[in-house]
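Notes to accompany the following structure.
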Amino acid sequence: MSDDGDDAEVQHLVVMGVSGSGKTTLALILERRLDWPYAEADEFHPPKNIAKMEAGTPLTDEDRLPWLQKMRDALTEHAREGRSAIVTCSALKRSYRDVLREAQGRVRFVHLTADPALIERRISGRTGHFMPASLLPSQLGSLEPLEPDEDGVVVLVDVPPEEVADRALAGLGLDAQSRADDEIKD
């Protein structure tokens, strides 16, 4: 990539939705198919946020802002290096997505949706994750779906994960050749 500041070919995918919607599963498939680096939003939470969630206490917007800014900055770092990237993030509110959109490069959203009963079963069946099922209602209550002017797609998670990935990539107009095409331009 040139140093002229043109990062139009760099795009970032934010795989969003409530906990248990399949963000990590989809992001790992997209990472493999697109060959873009991937980061899990949980890696950006400060310890006090994790402690609150483990205790069953919903995070406030004040708690979330530094977390969102760290993700935004990580995406910008990828863009400065000429790389597209993928990150998972609940991104429940438009104001949260607005922070992520401040990253350099084109920031696009993949909003995963599913029946709340399915999501609750998934969360209840997980081990080793700090997000308890008891916080699902607060997440669903806070969720602001993508608006028409937001760059992204909504994908129903009612099929196997590989098919969810097919739907997401088709909706975004991306294919597995995207990364190879970016490298040829460099």
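At a glance:
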read-out	value
Residue that is farthest from E9 (Cα to Cα), among those in region 58-96 that are among the aliphatic types (A, V, I, L, M) and open to solvent by 10 Å² or more (accessible area, probe 1.4 Å)	L59
Region 139-154 residues that are of a type in the set (D, E, K, R), paired with ones that are open to solvent by less than 70 Å² (accessible area, probe 1.4 Å) (beta carbon under 6 Å, 6 or more apart)	E144/K93; E144/R94; D151/R108
Count of residues meeting criterion [touching a Lys or Arg at 6+ places or on another chain (Cβ under 7 Å) and either over 16 Å from D61 (Cβ atoms) or of a type in the set (V, I, T) (or both)] in region 85-101	2
Residue in region 80-89 that is in contact (Cβ under 8 Å) with a residue 12 or more places away in the chain, part of a loop (DSSP other than H, G, I, E, B) and closer than 22 Å to V154 by Cα present	yes
Output for region 7-57, where each listed residue is assigned to a loop (DSSP other than H, G, I, E, B), open to solvent by less than 50 Å² (accessible area, probe 1.4 Å) and among the hydrophobic types (A, V, I, L, M, F, W, C)	V10, V18, W36
Leading residue by the ranking (nearest to E31 (Cα to Cα)) among those in region 149-160 that are open to solvent by 40 Å² or more (accessible area, probe 1.4 Å) and modelled with pLDDT under 95	P160
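The values are calculated or read from the model by the stated rules, or taken from the named source; none is laboratory data. What you are looking at is a predicted structure, and each value in this text was computed from that prediction instead of being measured. A quick note on method: Cβ atoms are made from the backbone with ideal geometry, for glycine too, and the neighbour counts reach across all protein chains shown. Side chains are part of the model used for accessible areas, which takes the heavy atoms of the whole protein and leaves out ligands, DNA and RNA. Shrake-Rupley method; radii C 1.70, N 1.55, O 1.52, S 1.80 Å.
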